[in-house]
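Structure first, then comments.
Taken together, the values in this text are just the output of simple stated rules run on the coordinates, not laboratory data. None of these values were measured; they are calculated from a predicted model. Cβ placement follows ideal geometry from the backbone for every residue including glycine, while neighbour counts extend to all protein chains displayed.
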Amino acid sequence: MPPSSPLPSTERTQILQRLFGEHHGWLFGRLRARLGCRHDAADIASETFTQVVALSDPGAIREPRALLTTIAKRLIYTSWRRRDLERAYLEALALQPEATHPSPEDSALALEALVAIDELLDGLSPKARAAFLYSQLEGLTYTEIARRLDISVTRVHQYVVKGLTACYLLLDSE
C-alpha cells in the first residue's frame, strides 16, 4: 500500500466502526464453526479486530474479509501452538518428582519463556531450528549435529549462530 497521510480521528473511528459492524458477525460465525467453541471464537474475533485497530491506515483495507481471515488463521495457529507447548510442558513436569515442581508463578514464567522461544525459533528453517536445539538443549557437538542432519559442520555453525542471534535480538528488544 502506498504511504498515506494519517486519517483524522473521527474518520478513522467511523471506518473501524463500519468494519466491525459489517464483518464481526460474519467472522464470529466462521470462527465458531471452525473452532466449535463460542468462547474461543469470541476471543479470536476480538483479537483479530484489536490487530485491525492497530493498523496505521484501516481505510486502505480493500478486502476486509480476506484480511480478517488471514489474521484470524494466524491467531488460531498461534493459540494451538501455545496449547501444544503447554501440554508438552505439563507432561514433562508430570514426569519429575513432585518435590521439584516449580511454584505456579515459576511455572507460568517458564511457560511464557517457552512460548517466546518457540516464536523466536519459528523464524528459523527446520534444520536451523534442529541444529540450534541439538546444540543448546542436548549439548551435541557440531560434528554430531552435522551427522544427524546430514549437513556440513560449517552449516551447523551458521545455523547455531542464527539461533543465538535471534535470541540476542529478542533479549535486546525487551
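Which order do peptides 132-143, 85-96 fall in by mean Cβ count within 10 Å, highest first?
Values: 132-143: 14.9, 85-96: 11.2.
Highest mean packing first, the order is 132-143, 85-96.
Taking 7 Å along the Cα-to-C-beta vector as the label spot, tell me the Glu112-Ser79 distance in nanometres, rounded to one decimal. It is 2.1 nm.
What FRET efficiency, computed as 1/(1 + (r/R0)^6) with R0 = 22 Å and r the Cβ-Cβ distance, is obtained for Ala66 and Asp43, rounded to the nearest 0.05? Don't skip to the answer; put the middle values down first.
On the way: r = 21 Å, r/R0 = 0.96.
Once the sixth-power term is evaluated, E becomes 0.55.
What ratio of Cα Rg to 2.2 N^0.38 Å holds for the chain? Provide the component values of the computation, followed by the final result.
On the way: Rg = 21.4 Å, N = 174, 2.2 N^0.38 = 15.6 Å.
Against the empirical 2.2 N^0.38 Å value, I get 1.37 for the chain.
Taking the charge dipole of region 98-167 about its Cα centre, with +1 at Lys and Arg Cβ atoms and -1 at Asp and Glu Cβ atoms, the residue from Ser135, Leu109, Tyr159 reaching farthest to the positive side is Tyr159.
For region 143-155, the Karplus equation 6.51 cos²θ - 1.76 cosθ + 1.60, evaluated at θ = phi - 60°, returns couplings of 5, 5, 5, 4, 5, 4, 9, 6, 9, 7, 4, 4, 5 Hz by residue, with Gly and Pro reported as x. Placing pseudo-labels 7 Å out from each Cα toward the beta carbon at Ser152 and Glu86 gives an inter-label distance of 4.4 nm.
Quick one: if the Förster radius is 22 Å, what FRET efficiency do Ala99 and Gln136 give, using the C-beta to C-beta distance and rounding to 0.05? Efficiency, rounded to the nearest 0.05: 0.25.
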